[in-house]
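The numbers here are math on the coordinates, done by the rules we state, and not lab data. Everything numeric here is computed off the predicted structure, so don't read it as measured data. Cβ placement follows ideal geometry from the backbone for every residue including glycine, while neighbour counts extend to all protein chains displayed.
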Amino acid sequence: MRELTQRLLVLGKWYIWIPLARLYGRMRSTRQIVSVWPQGEIGLGPKIVLFMHFDARGVVRAQIYEYLRELKASGREIVFVSNAGRLQPGDMHALQGICSSVIVRRNIGYDFGAWREALDYLGLPRAGTEEVIFANDSVFGPLVPLGDTLRRLNYNKADIWGLTESWQHRYHLQSFFLAFGPAALRAEAFGKFWKTVRPVPVKSFIVHAYEVGITQAMVKGGLRCSAIWEYQALLKRANSEGLEKLIETEESELGRNDPIHITRKLQILRIRDGVARRVALNPTSDLWRHLLLAGFPFIKRELLRGNPTQVEDVGDWVEVVRDVLAADPEPILLDLRTMLKGGAP
């Protein structure tokens, strides 16, 4: 009876609720801007980052400023797009010292709604635009300098780059960081996709239609998509390094019975089970450890805040950040103090 009820709820969601939400999204305006700084025409260089932000209090986290500064230091101009509806005066002032423009809008349309409106408002891509990066604040970090990562965006090898790729739902580049080069920006598929983006108020629809959909639309449009940290390479790393360390630790009785070791073992087995059964894993959660060890500069906020997919081995993330990466976990811990409810970091 319980399984039948759950199945009916899923069917109701996809065949009743989501169609109604899509209709509502088509009726809703894509224009939700509250304020723009500076006023008048906004000059932008050839490389642009559209950085999407949300915080109900209108606050910008300290780590975001470091992220923005590194992006700016790489020669890119930043347009900060906030769905908060308002920004605290101190944060607005600080952003004006880093960004070329700050757009504040209502929290309607999620990330893709914000990015679409920024593209429309700024008239992007312009004649001289060579690159547009879509980024958001769904990550903690950067934990290591971004320079090496940004230098790997080679548009001779691929037209569109993500940091990570996923096979969940369908193949896609994960949307917390998407970089579009010259060929992609001028492709018919790019403009056509963004015209389809509507402020549908259902996150699962946004994930399927836009996060997954943008990569699928670009691939079907003949564009080359690639990830800096490739899925298969991460699996290979998890299998080789993870197994070696497990075997080494299992040699002692203390190691075999250590709860931290047990969680690492369970996670490696979970990864290998996914490989064996061809079940797609989420790189930024299931493979978080192997990403960090491979030089990935971020940890997803949802992994530490709620761990929605119950990743087994995330309990020692502080040790990995501090002792392995030689990075400071304190800025993340500071944010978690206001995010976690009933849990420990």
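Please report, largest first and rounded to whole Å, the three semi-axes of the ellipsoid equivalent to the chain, where each semi-axis is the square root of five times an eigenvalue of the C-alpha gyration tensor.
Working from the Cα gyration tensor, I get semi-axes of 34, 25, 21 Å.
If you fit an axis through the alpha-carbon atoms of helix 259-277 and take the longest principal axis of the Cα set of the chain, what angle between them do you get, 0 to 90°, nearest 10?
Taking Cα atoms only, the helix is inclined about 70 degrees.
For the chain, what does the relative contact order come out to in percent, with C-alpha contacts under 8 Å and a separation of six or more?
17 percent
Just flag the GluC sites (Glu not before Pro) in segment 192-298 sitting in loop per DSSP whose Cβ has no more than 11 other Cβ atoms within 10 Å.
251
Given the options 93, 53, 208, which has the most mean-square fluctuation in a GNM of the chain, springs set between C-alpha atoms less than 10 angstrom apart?
Maximum fluctuation in the GNM of the chain, among the listed residues, is at 93.
Which distance in nm do the two modelled labels at residue 152 and residue 272 give, with both placed 7 Å along the Cα-to-Cβ direction?
In this crude label model, residue 152 to residue 272 measures out at 2.6 nm.
Grab the beta carbon distance between residue 34 and residue 240, set R0 = 45 Å, and tell me the FRET efficiency rounded to 0.05.
Efficiency for this residue pair is about 0.35.
What aspartates and glutamates sit close enough to residue 220 to cross-link, taking a C-alpha to C-alpha distance under 18 Å and skipping anything fewer than 8 places away on the same chain?
Correct list for residue 220: 159, 165, 188, 211.
At residue 27 and residue 260, where each label point lies 7 Å from the Cα along Cα→Cβ, what is the point-to-point distance in nanometres?
Reported label-point gap for residue 27 and residue 260 is 5.5 nm.
Taking the number of other C-beta atoms within 10 Å as the exposure measure, put 229, 37, 317 in order starting with the fewest.
Arranged by neighbour count, lowest to highest, 229, 37, 317 become 37, 317, 229.
For segment 40-144, state which GluC sites (Glu not before Pro) are in a DSSP loop and have at most 13 other beta carbons lying within 10 Å of their beta carbon.
For GluC sites (Glu not before Pro) across segment 40-144 that sit outside H, G, I, E and B with at most 13 neighbouring Cβ atoms in 10 Å, the list reads 41.
What lysines does residue 265 reach when the alpha-carbon gap must be under 19 Å and sequence neighbours fewer than 8 apart in one chain are set aside?
Leaving aside lysines fewer than 8 places away in the same chain, those within reach of residue 265 are 236, 245.
State whether segment 126-263 is rounded, prolate or oblate according to the following rule on the C-alpha gyration tensor (a ≥ b ≥ c being the square roots of its eigenvalues): a/c under 1.5 gives rounded; otherwise a/b larger than b/c gives prolate, and the remaining case gives oblate.
Verdict is prolate for segment 126-263.
Taking the Cα centre of segment 141-278 as origin and charging only Cβ (+1 Lys, Arg; -1 Asp, Glu), how large is the dipole, in debye to the nearest 20?
That gives a dipole near 760 debye.
Using only Cα atoms and rounding to the nearest 10 degrees, what angle (0 to 90) does helix 231-249 make with the longest principal axis of the chain?
30 degrees
For segment 27-228, what class follows from the C-alpha gyration tensor (a ≥ b ≥ c being the square roots of its eigenvalues): rounded when a/c is under 1.5, otherwise prolate if a/b is larger than b/c, else oblate?
Rounded is the answer for segment 27-228, as its axis ratio a/c remains below 1.5.
Report the chymotrypsin sites (Phe, Trp or Tyr not before Pro) located in segment 144-228 that are in a DSSP loop and have at most 15 other Cβ atoms inside 10 Å of their Cβ, or state none.
167, 171
For segment 125-187, what is the convex hull (Cα atoms) projected area averaged across all directions, in square nanometres?
5.4 nm²
Between rounded, prolate and oblate, where does segment 183-319 land on the alpha carbon gyration tensor, with a ≥ b ≥ c its root eigenvalues, rounded for a/c under 1.5, else prolate if a/b exceeds b/c?
Prolate, since a/c reaches 1.5 and a/b exceeds b/c.
Show that you can apply the helix-only estimate: for the chain, add -39,500 (n - 2.57) for every DSSP H stretch of four or more residues, divide by all residues, and state [θ] at 222 nm to the nearest 500.
Here the helix-only value at 222 nm equals -12500 deg cm²/dmol.
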